[in-house]
1. Show the residue pairs meeting these rules: Cβ distance below 6 Å; 6+ apart or different chains; first residue within segment 136-160 and of a type outside the set (Ser, Thr, Tyr); second residue exposed (fewer than 12 other Cβ atoms within 10 Å of the Cβ).
2. Answer yes or no: is there a residue in segment 90-101 that is under 16 Å from the mean Cα position of the chain (by Cα) and either free of Cβ contacts under 8 Å to residues at least 60 places away in the same chain or on the phi < 0 side of the Ramachandran plot (or both).
3. What residue, among those in segment 120-135 that are under 16 Å from ALA53 (Cα atoms) and either of a type in the set (A, V, I, L, M) or surrounded by 18 or more Cβ atoms within 10 Å (Cβ to Cβ) (or both), is modelled with the lowest pLDDT?
4. Starting from residues that are of a type in the set (Asp, Glu) and surrounded by fewer than 15 Cβ atoms within 10 Å (Cβ to Cβ), keep the ones in segment 74-119 and report whichever is modelled with the lowest pLDDT.
5. Output the residues belonging to segment 95-125 that are part of a helix (DSSP H, G or I) and aromatic (Phe, Trp, Tyr).
Amino acid sequence: MRKYFLILFITLIVSNYSFAQNYTDFTLSDLEGNEVKISELLKSGPVWLGFWATWCTPCKEEMKYMNQLWNKYKDKGFTYVAVNNDDQKSLSKVKSYIGANGYEFPVVLDADQKVFESYQGNGHPFSVFISQDGKIVAQHLGYVSGDEKKFEEEIIGQLK
């Protein structure tokens, strides 16, 4: 009987333990045509990938808050990267949108959505948070007001 409870206990612990998955490295061009490589950004600290598109209203709301969090924590090693998924027809809107809002965080272009798909993205906004040691520590699909509090807790938890 003791053996049965021990096996049950161990099974419950293992089933509730989430094994962190490693990130997939990639290089994409930013709005100026410069290459941005995620593994290089991770040398400074954790990286938050925010997949978005100009047609996505919740994405734009999330970006406002992520801009605030990036400004608050960038000097501590946190990097927010806005990964744009607009198609070729609407890519011209991306640079003007970023400039009009005064965003200065890195913005990279993933028009063919290969990086989005490599992270199993299936809707927007979609976020992947990568610890400095390359583990995916959080993923989020969608955005509702108030999520930024949870995001900030996750960021603080990864800063050294």
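1. LEU141/GLY123
2. No, the conditions are met nowhere in segment 90-101.
3. My answer is GLY121.
4. ASP87
5. TYR97, PHE116
The values are calculated or read from the model by the stated rules, or taken from the named source; none is laboratory data. Note that this is a predicted model, so its numbers are computed, not measured. Neighbour counts are summed over all protein chains in view; Cβ atoms, including those assigned to glycine, are modelled from backbone coordinates with ideal geometry.
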